[in-house]
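The values are calculated or read from the model by the stated rules, or taken from the named source; none is laboratory data. No experiment lies behind these values; they were computed from the predicted model shown. Please note: Cβ atoms are built from the backbone with ideal geometry, for glycine as well, and neighbour counts cover all protein chains shown.
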Amino acid sequence: MTVLTCAITGKSITLLGEEIANSGEAKVWRTNQNGYLAKIYHSPTPERVQKLAVMIANPPTEPNSHLHHVSFAWPKSALKNGQGDCVGFLMPEIKDGKELIDVYNPQRRKQLKLEIDWRFLHTTALNIVSIIEALHAAGYVLGDIKPQNILVNNRALPSIIDTDSFQVINPKNGKVYHCLVGSEGYTPPELIGKDFDSIEQTEVHDRFRLGVIIYQLLFGGNNPFHGTWTGAGEIPDINELICQGLWVNGSTNLIAAVARTIPLEIVHPEVQQCFLKCFNDGHKNPNFRPTARKWLEALKVGNDRLTICGRVDNHYYSRTYGKCYWCDRSTNLGVDIFPGVVKVKPSVVVESTIFAATNTLELVKQEGKIITVVGQVANTRHLSSINIFFINFGNISSLVNGYSPFTIVIFSEGLKNLSNSRSLTITQLSNWVGSYIKITGTLEIHQKSSCNTPQIILKDSNQISLISQNEANNLIAGNTNTNTSAAVKQTQSQVSQPAVSKPQNQPVIIQKSGTYTNTNTVPTVQPTQSKSHQVVLSTPLTISTQNQAAVTSTNSLPTFLNFIVVCTIEGLLFVLILVTINYLSFSSNNPQTINSVQTEITKSTNQFTSNIKGVAFTVKSLHYSGGDLIIRVNIQNQGTTSVRFLYSFLDITDDKGRTLSAMTEGLPAELPPNSREFSGAISIPTLLLDDVNKISLSLMDYPGQEVKLEVVDVPIPIKPIQSQ
């Protein structure tokens, strides 16, 4: 048994049992200090001891302290032996973490029985980037970014280990302590073959490594430099490929995609551009590689545009791609890297109601429903840089109650479909100005900083058709935006995929034994369940009630639900909202199918708003739409300083302590001083809410961490009854 001394506290630190990790430079041990491990060097050098002293004196800010999460295993104190010599350091233990390769590699996930979907991987990438941005902001260069040095827990929260290998600069004298190691496949071309002992690296070099890690997360564990060699002779090794800038989406075809290669087009166009800048433009000029901040912005947009597949409950895909790539891949290759339960339903006919494209106020009420819109095209627009085409039915600057005119959005996949099936080109689509169009699809509300836009995304050429003016007038005249069914019908195909059993519907890492083992530097531990927040009110509150019926039905039974929204700032508890929501449950004798159940908080003299340090937050409504529970909120900053939020840090748990995945849309990353009121939405897939009665939300501003918003024990509305 070895006993050392903590240099900061003077306490004895005992190394327990046998080492849990052993590398060429050090061993890692458990200690008698709960939550801490010891890293003991084989041969500590004066240079290493000095570097440790600088790191301990200048720790970076922990970006996830509000989540009680350790983002990096930073040295906390030097450890000294009986002679007073520094032999290593004390660091926090990373619990419940899996190596990154176990998370993104489909074969490893299958072996370890980890249930992870594509949205989980998007969120993991987003969180890795946010942590690395914080480290870069503190002046550190990671140097050896690789999957073995990143652990991920079941909330998609990463932790970076082996931090003592970072490049460190002493802020007092400018002395550079170099990163002495690098990993094949992650080293940027300008550093390959160079002596790391003498090179001062910058965050520009980390940008390349970060791009490789993100690519592996989003593209099935594949390395961007792997593919079929079409050049002469044997395929060069990976270092040579990196030096020549040869990758599957490069400017040459020397590295070609294979059948299992996942196309770049499946991710959001902004994420696509980051990859192209990293490996194409960045090969010519490393400064062109996206910064961690640029990656963060692109991944946030990409994450918000993910939607769940209508066939397999573990499939998520980007709305910009227009369809579920994973279903197509499974059909073509016979392998599903995100297996889930197939939602088998009989073929049904969905009848849609016809609406005039100019009737904006009626259109916005149809969010989440399949409808048909008829109107005359006012103008079109093609964003060639990201290949998105817009068909507008009015002047986009003409707003009605904050809504711009109806728009048809066609992403690259939809344009390809129109080209293949109807031979329609961008020029031909642009010539539709003045023509009359009929389109059927799901009405969405796209939220922007300046306005909200009712839109339908065109995914299939059968959704849209050119019609005459008389036909348009007759359709609208015969269906004056009532609930009368129209003749336009859309058929949902029956799914014939084999079902795969799934223990839970949450996109979380699951281990059959109930333990979550860290295979690298941490012992096996039992996962702890998150504690639910408790709210104690010392004085009674006046309750203002607005009863809103979600649907009208006979023999309806009133159901009363209450929820409390609280905001904790600097240790003080403020009650934001106490609302009584009354909505009508659906009678079993009512033959009508409920398309959406909504619980709405209407404006009154008593606004359900909290104004804390000038930041006003209002909860507007909860309703189901398109397979998600939608929580609509407004937020405004009337203070004198800006406030930032990083919504990837939004923590949502159910009444059983499980973490739920969620997406946000329309909420600004930064609220400027004296801002206007922003409207946004938080969406949770209904698949995660099967046995959930209440949810709790927690969000803190970033990086100041002075404002903490908590929504505690929110009862969720009754799910809509589906037609059989």
Exactly one of (1) touching a residue at least 40 places away in the same chain (Cβ under 8 Å); (2) not in a helix (DSSP H, G or I) is unmet by GLU18. Its number?
(1)
What number of residues within segment 276-297 satisfy the criterion of being crowded, with 24+ Cβ neighbours inside 10 Å and among the hydrophobic types (A, V, I, L, M, F, W, C)?
3
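Step by step: first the residues of segment 143-184, then only those that are hydrophobic (A, V, I, L, M, F, W, C) and out of contact with any strand residue (DSSP E or B) (no Cβ under 7 Å at 6 or more places or on another chain), then the one that is nearest to ARG209 (Cα to Cα). Which residue is that? Don't jump to the end; show me each part of the working.
So in segment 143-184, the residues hydrophobic (A, V, I, L, M, F, W, C) come out as 145, 150-152, 156-157, 160-161, 166, 168-169, 176, 179-181.
Retained after the next criterion (residues that are out of contact with any strand residue (DSSP E or B) (no Cβ under 7 Å at 6 or more places or on another chain)): 145, 156-157, 180-181.
Numbers: ILE145: 6, ALA156: 20, LEU157: 19, LEU180: 16, VAL181: 13 Å.
Selected residue: ILE145.
Taking the conditions exactly as written (within 27 Å of GLY302 (Cβ to Cβ), surrounded by 21 or more Cβ atoms within 10 Å (Cβ to Cβ) and touching a residue at least 60 places away in the same chain (Cβ under 8 Å)), does PHE89 satisfy them or not? Steps first, please.
On the way: within 27 Å of GLY302 (Cβ to Cβ): no; surrounded by 21 or more Cβ atoms within 10 Å (Cβ to Cβ): yes; touching a residue at least 60 places away in the same chain (Cβ under 8 Å): yes.
Taking the combined requirement at face value, the residue does not satisfy it.
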Given the criteria in a loop (DSSP other than H, G, I, E, B) and either modelled with pLDDT under 90 or surrounded by 15 or more Cβ atoms within 10 Å (Cβ to Cβ) (or both), does ASN395 qualify?
yes
Is there any pair linking a residue in segment 253-266 that is over 20 Å from GLY231 (Cβ atoms) and in contact (Cβ under 8 Å) with a residue 12 or more places away in the chain to one that is part of a helix (DSSP H, G or I) and not charged (D, E, K, R), with Cβ under 6 Å and at least six apart or on different chains, and which?
LEU264/GLN272; ILE266/TYR325
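For every residue, the table says whether it meets (1) of a type in the set (Ser, Thr, Tyr); (2) closer than 15 Å to ALA73 by Cβ; (3) touching a Leu at 6+ places or on another chain (Cβ under 7 Å).
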{"position": "LYS113", "(1), (2), (3)": "no, no, no"}
{"position": "HIS136", "(1), (2), (3)": "no, no, no"}
{"position": "TYR140", "(1), (2), (3)": "yes, yes, no"}
{"position": "ASP144", "(1), (2), (3)": "no, yes, no"}
Can you tell me which residue is surrounded by the most Cβ atoms within 10 Å (Cβ to Cβ) among those in segment 359-392 that are over 25 Å from ASN417 (Cα atoms) and over 29 Å from the mean Cα position of the chain (by Cα)?
THR360
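More than 17 Å from the chain's Cα centre (by Cα) and either within 30 Å of ASP313 (Cβ to Cβ) or part of a helix (DSSP H, G or I) (or both): is that true of ARG109 in this structure? Reasoning before the result, please.
Values: more than 17 Å from the chain's Cα centre (by Cα): yes; either within 30 Å of ASP313 (Cβ to Cβ) or part of a helix (DSSP H, G or I) (or both): yes.
Spelling it out, ARG109 is indeed more than 17 Å from the chain's Cα centre (by Cα) and either within 30 Å of ASP313 (Cβ to Cβ) or part of a helix (DSSP H, G or I) (or both).
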Taking interchain pairs and intrachain pairs at least six residues apart, which have beta carbon atoms under 8 angstrom, with the first residue in segment 416-433 and closer than 16 Å to TYR321 by Cβ and the second β-branched (Val, Ile, Thr) and surrounded by 15 or more Cβ atoms within 10 Å (Cβ to Cβ)?
LEU418/ILE410
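Where in segment 631-719 are the strands (runs of 3 or more DSSP E), entirely inside, with at least 1 residues that are basic (Lys, Arg) and at pLDDT 80 or above?
Counting at least 1 such residues, we get 694-700.
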Of the conditions (1) part of a loop (DSSP other than H, G, I, E, B); (2) buried (at least 18 other Cβ atoms within 10 Å of the Cβ), LYS39 fails just one. Which one is it?
(1)
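Report yes if GLU25 is among the charged types (D, E, K, R), within 25 Å of ASN170 (Cβ to Cβ) and in contact (Cβ under 8 Å) with a residue 24 or more places away in the chain, otherwise no.
On the way: among the charged types (D, E, K, R): yes; within 25 Å of ASN170 (Cβ to Cβ): yes; in contact (Cβ under 8 Å) with a residue 24 or more places away in the chain: no.
In short, no.
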Would you point out which residue out of GLU190, GLU184, GLU203 is surrounded by fewer than 23 Cβ atoms within 10 Å (Cβ to Cβ), among the charged types (D, E, K, R), closer than 21 Å to LEU299 by Cα and in the same structural domain as ASN287 (by TED's automatic domain parsing)?
GLU203
For the structure I just gave you, tell me whether PRO339 is closer than 30 Å to PHE645 by Cα, assigned to a loop (DSSP other than H, G, I, E, B), out of contact with any Gly (no Cβ under 6 Å at 6 or more places or on another chain) and not small (Gly, Ala, Ser).
no
